[in-house]
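> Dumping the structure here so I can ask a few things about it.
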Amino acid sequence: MVASDSFAEFLREQLEPLGHVTLRRMFGKTGVFCDGVMFGVVTDNTLYLRVDDRNREAFAEAASTPPLNYAKKGSLIDLSFWRAPERLFDEPDDLVEWARLALAAARRVAAKRVKTARPKRATPGS
């Protein structure tokens, strides 16, 4: 389920120090973006933040809950988004710090995708 309007507004306000934060509905959830890079996902008013090998240790507190996942052909596929601990919503500076780490991870993922993308071949007549 997507983020409620009030939760989306709360996140925009809390994450304002990151830069231009936007939320967009996608696939029945809400993507959380900063400058066009998705670093979080909200489902059922629960925030999940992007995790990679470089921020996994900093996010160890979140490892005790299951990551964001979806069912495919009878099995669960875990995504690289971990649930933000509830305490962060009472500690705005910590929430912003976690979001910065997630944004950095999302930028690394985006950079890898650009590097590994194959150049498109020119089509005849173009």
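The values are calculated or read from the model by the stated rules, or taken from the named source; none is laboratory data. A quick note: this is a predicted structure, and the numbers were derived from the prediction, not measured. Every residue, glycine as well, gets a Cβ built from its backbone with ideal geometry; the counts of neighbours run over all protein chains shown.
> Looking only at region 61-112, how many residues end up being assigned to a strand (DSSP E or B) and of a type in the set (D, E)?
Looking only at that region, the number is 1.
> Going through region 28-41 one residue at a time, which ones are under 8 Å from the mean Cα position of the chain (by Cα) and touching a residue at least 12 places away in the same chain (Cβ under 8 Å)?
In the first step, residues of region 28-41 are kept if they are under 8 Å from the mean Cα position of the chain (by Cα); the result is 31-33, 38-41.
Those that are under 8 Å from the mean Cα position of the chain (by Cα) and touching a residue at least 12 places away in the same chain (Cβ under 8 Å): V32, F33, M38, F39, G40, V41.
> Can you tell me how many residues in region 34-72 are in contact with a strand residue (DSSP E or B) (Cβ under 7 Å, 6 or more places away or on another chain) and not aliphatic (A, V, I, L, M)?
Residues in region 34-72 being in contact with a strand residue (DSSP E or B) (Cβ under 7 Å, 6 or more places away or on another chain) and not aliphatic (A, V, I, L, M): 12 in total.
> Which one of these is free of Cβ contacts under 8 Å to residues at least 60 places away in the same chain, surrounded by fewer than 16 Cβ atoms within 10 Å (Cβ to Cβ) and part of a strand (DSSP E or B): R54, R25, R12? Lay out the reasoning, then the answer.
Working: R54 fails: part of a strand (DSSP E or B); R12 fails: part of a strand (DSSP E or B).
Going through R54, R25, R12 in turn, just one is free of Cβ contacts under 8 Å to residues at least 60 places away in the same chain, surrounded by fewer than 16 Cβ atoms within 10 Å (Cβ to Cβ) and part of a strand (DSSP E or B): R25.
> Check region 46-62 and report whether any residue there is of a type in the set (V, I, T) and more than 13 Å from A105 (Cβ to Cβ).
Checked against the condition, which is being of a type in the set (V, I, T) and more than 13 Å from A105 (Cβ to Cβ), region 46-62 yields at least one hit.
> Hey, any hits in region 89-109 for a residue that's over 19 Å from M1 (Cα atoms), among the hydrophobic types (A, V, I, L, M, F, W, C) and modelled with pLDDT under 90?
Scanning region 89-109, I find at least one residue that is over 19 Å from M1 (Cα atoms), among the hydrophobic types (A, V, I, L, M, F, W, C) and modelled with pLDDT under 90, so the answer is yes.
> Within region 57-74, can one find any residue that is at positive phi and either among the basic types (K, R) or buried (at least 16 other Cβ atoms within 10 Å of the Cβ) (or both)?
yes
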